[in-house]
Amino acid sequence: MTRDVIIAYPNETCEVALERMMRAHIRHLPVVSAGHLAGFVSFRDLVLRDVAAKEGALQMMSSAVHLTGSAAGGIPPMWKCHSCGHLAHGEAPPDRCPACAARYDQFGLLKES
Ligand SMILES: [Zn+2]
């Protein structure tokens, strides 16, 4: 039985835990809170969380770009979802259609400003 158990703490970021798992070549990590086992996280759970967090960051960045464009006085171009017809303003199409969740590559430029 292993004495030096590799653990994670609830307040750690996904990135920190992922790096620890990769270094140790393990796919599951016990989470310890106040000296007690709180649960386990899997490599897959953390990768999915990490990807979701990065997608959120991308959306925040694209909305920031949109605001910058509007503040500069320009009218951002309009994008149309080819799946459901949803319209969206922005310098780039949204990552996902807010109406039908189609990917950005389902959007076509409707009008150049
Ligand atoms: Zn759509």
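The values are calculated or read from the model by the stated rules, or taken from the named source; none is laboratory data. Treat the numbers as computed from the prediction; the structure is a model and nothing was measured. FYI the Cβ positions are ideal-geometry reconstructions off the backbone, even for glycines, and counts take in every protein chain you see.
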May I ask you to list pairs of residues, at least six apart or on different chains, whose Cβ atoms are under 6 Å apart, with the first in segment 1-23 being closer than 15 Å to V47 by Cβ and at pLDDT 85 or above and the second being part of a helix (DSSP H, G or I) and of a type outside the set (S, T, N, Q)? A8/A17; A17/L46; L18/L46; M21/F43
Among the candidates R23, R3, which residue alone is exposed (fewer than 14 other Cβ atoms within 10 Å of the Cβ), over 20 Å from the mean Cα position of the chain (by Cα), assigned to a helix (DSSP H, G or I) and not assigned by TED's automatic domain parsing to the domain that holds A101? R23
